[in-house]
Amino acid sequence: MCGIVGYVGASPALLVLLQGLERLEYRGYDSAGVALLENGKLYVEKKVGKIRELVRSLWGKNLKAVVGIGHTRWATHGEVCELNAHPHTDNRGEFAVVHNGIVENYRELRQEIESAGVSYVSQTDTEAIVHLIALNYEGDLLRTVLKVVKKLRGAYAFAVISTREQSRIVAVKYGSPLVVGIGKEENFVASDIPALLPFTREVIPLNDGEVVDLRPDGVFIYDFEGNLLTKEAMHVPWDIISAEKGGFKHFMLKEIFEQPRTLSDTIRGYISRDMSLPFSLRDYRRVLIIACGTSYHAGLIGKYWIEKHAGVPVEVAYASEVRYANMPVGEQDLVLAISQSGETADTRFSALALKEKGATLLSLVNVMGSALDRESDHTLYTHAGPEIGVAATKTFTAQLAVLYSLAVSQRQDRQKEVENLLKVPHLVEEVLTRAEAVKNLALRYAHSKDFLYLGRYLSYPVALEGALKLKEISYIHAEGYPAGEMKHGPIALIDEKTPTVAIAPADRVYEKILSNVEEVLARKGKVIGVGFEKDERLKSLCDAVIEVPTVEEDLTPFLTTVPLQLFAYYIADYLGLDVDQPRNLAKTVTVE
Ligand code: F6R
């Protein structure tokens, strides 16, 4: 939520900030702004709307500053307006701050600030930070920031510049992500790696409780007590191309089409080894999977696989529900936290709370060096590359690949399973050749107001994921449901106007789901089936069928998910919506 970026060096800072912000826009996009140290003074420009609005308003202004900070906002405190957009400045215009996260005690701080005679002009929590810095400043920005962080509660990352110290950015990480980029005679700071890729691939991810003093000729990292830390930079394997659209209309479409490669990269990374874990899942009495959104759906599928192949009981919980529950957890439990970004606050903080209770923490992340990666006892990675579209697609199927590899790695004899998994990238490629047919179908249904997605067993989480994809990018109401539960109430929703998407590959529950399809038809509902090719029975029941290649039961989620991603994409695009940056959402959710 929100993206921040900062630059100190010898080049025009504005160009770096705007390029960085464009790559961070997926984190929030309701308003944006920059602050530059221009001719010794603060120059601030903010605009409501996307980065392009900011670019427009800066067009033709010959700004030469070589130090600056920028921000793209996803509102938490205060409505979307220029006043609440970042950067925020102090009353004298000497300090500017950009911030990501939430300062939970800002109301108390605001009182303290106002009673010192300072006027507080916005509705944001961020403004408290900049006033506290101005009020506590005694000639050294780093020391001032170290003093101010002791007063803040919550989860945040922020960066500050000052007219008093012209070649310096001080930035802090506590709960929200922050990465330092190392250049030649120039240095960078940003919420996420893609913002740094046009400039450098040498990065230092900061840990919570760290402050960076960024100068053109050096980067100095301290803990909150002011002790200088020694940290190695890591080389990011992603290149700038993998964070570009590559000829596709949207990142989401590009990322859907990347899946044969991302699956093959991920599978190759695991299949020859035994996951490189120094333990067996059977060493634990249970595996507790925690995750949010799409990652949670991957966890639900992982449960079936792990229970089948490893014989260990698995529980799957929404991370946002775990943190404040009284869940009995201890040393005999393995917590598997799944998060594409590795920064989701709900997942991270629940994982840390469970680790604190004695559980072993294994994480599955896409972003190497992310907070969850660093906080876990062990990490598994999806090798999907950067995912820019807000709706998760390629990282979901990559998570499935790791979960399946993990499950079958617990078997003595797994040759058959491994051989089958190795075929998946090619089969997904085949599914993608049928994209045009999915598009035609999507256009037929694009004006429906409600959808039901039904599945059983492994297809139930696929139904949840299909419905989530549709609602988040097309704003059409869609409900994913276990097909067998329909008769216990929701069947009342069925009518001619509510299409049902039935995920019905010929697996162990095939007969059962066909009966559920009949129940829908008996109530005049229209059904779109997703099933194996040449399934004449399914075809005879459904209004239309999306066919996927026939595959082992275990692997059906890889193939049935992909057409549902395409279906959602084509509907949203047809409706003219902003597919990559849907309203109200942000890619990385760093608030609880
Ligand atoms: C949906 C989506 C979200 C994320 C969720 C968790 O398309 O992307 O539901 O899956 O916010 O994010 P991560 O996996 O980064 O923890």
Quick check on my filter: what residues within the range 455-486 are open to solvent by 10 Å² or more (accessible area, probe 1.4 Å) and either without any contact (Cβ under 8 Å) to a residue 12 or more places away in the chain or among the acidic types (Asp, Glu) (or both)? 471, 472, 479, 485
Within the range 326-350, take every residue that is open to solvent by 10 Å² or more (accessible area, probe 1.4 Å) and β-branched (Val, Ile, Thr) and give me the one that is farthest from the ligand (Cβ to nearest atom). 329
Condition first: open to solvent by less than 10 Å² (accessible area, probe 1.4 Å) and among the aliphatic types (A, V, I, L, M). Now tell me which residues in the range 110-134 satisfy that. 113, 128, 129, 130, 132, 133
Note on residue 587: of the conditions (1) touching a Cys at 6+ places or on another chain (Cβ under 9 Å); (2) open to solvent by less than 40 Å² (accessible area, probe 1.4 Å); (3) modelled with pLDDT under 95, unmet is (1)
Checking the condition over 27 Å from the mean Cα position of the chain (by Cα) and part of a strand (DSSP E or B), which residue from 221, 161, 204 passes? 161
Conditions first: (1) open to solvent by less than 60 Å² (accessible area, probe 1.4 Å); (2) assigned to a helix (DSSP H, G or I). Residue 198 passes all but one, so which condition is the exception? (2)
Can you name every residue in the range 308-320 that is under 16 Å from residue 402 (Cβ atoms) and within 16 Å of the ligand (Cβ to nearest atom)? 316
The listed residue being under 30 Å from residue 254 (Cα atoms) and touching a residue at least 60 places away in the same chain (Cβ under 8 Å), out of 405, 409, 350, 339: 405
Just for the range 260-301: of the residues that are in contact (Cβ under 8 Å) with a residue 60 or more places away in the chain and β-branched (Val, Ile, Thr), which one is most open to solvent (accessible area, probe 1.4 Å)? 271
Would it be correct to say that residue 323 is open to solvent by 60 Å² or more (accessible area, probe 1.4 Å), within 16 Å of the ligand (Cβ to nearest atom), more than 25 Å from residue 569 (Cβ to Cβ) and modelled with pLDDT under 95? yes
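Tally the residues that are among the acidic types (Asp, Glu), under 23 Å from residue 563 (Cα atoms) and open to solvent by 30 Å² or more (accessible area, probe 1.4 Å), restricting the search to the range 497-528.
2
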Checking residue 509 against (1) free of Cβ contacts under 8 Å to residues at least 12 places away in the same chain; (2) away from the ligand (no atom under 16 Å from the Cβ), the condition it does not meet: (1)
Residues satisfying the stated conditions in the range 135-176, i.e. open to solvent by less than 10 Å² (accessible area, probe 1.4 Å) and of a type in the set (Phe, Trp, Tyr): 156, 158
Any residue in the range 74-85 that's within 21 Å of residue 390 (Cβ to Cβ) and in contact (Cβ under 8 Å) with a residue 60 or more places away in the chain: show its pairings with residues that are open to solvent by less than 60 Å² (accessible area, probe 1.4 Å) and hydrophobic (A, V, I, L, M, F, W, C) at Cβ separation under 7 Å, as long as the two are six or more apart or on different chains. 74/1; 74/2; 74/586; 76/1; 76/102; 76/591
Pair list, Cβ under 7 Å, 6 or more apart: the range 515-536 residue assigned by TED's automatic domain parsing to the domain that holds residue 442, other residue basic (Lys, Arg): 519/487
Collect the residues in the range 367-397 that are within 13 Å of the ligand (Cβ to nearest atom), among the charged types (D, E, K, R) and not in a loop (DSSP other than H, G, I, E, B), keeping them in residue-number order. 373, 394
Count - residues of the range 16-58 that are open to solvent by 20 Å² or more (accessible area, probe 1.4 Å), closer than 28 Å to residue 164 by Cα and more than 26 Å from the chain's Cα centre (by Cα): 9
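The values are calculated or read from the model by the stated rules, or taken from the named source; none is laboratory data. As the structure is a computational prediction, the values presented were derived from the model and not from experiment. Methodologically, a virtual Cβ is constructed for each residue, glycine included, from the backbone with ideal geometry; neighbour enumeration extends over all protein chains shown. Please note that ligands, DNA and RNA were not included when accessible areas were found on the heavy atoms of the full protein model with its side chains. Shrake-Rupley method; radii C 1.70, N 1.55, O 1.52, S 1.80 Å.
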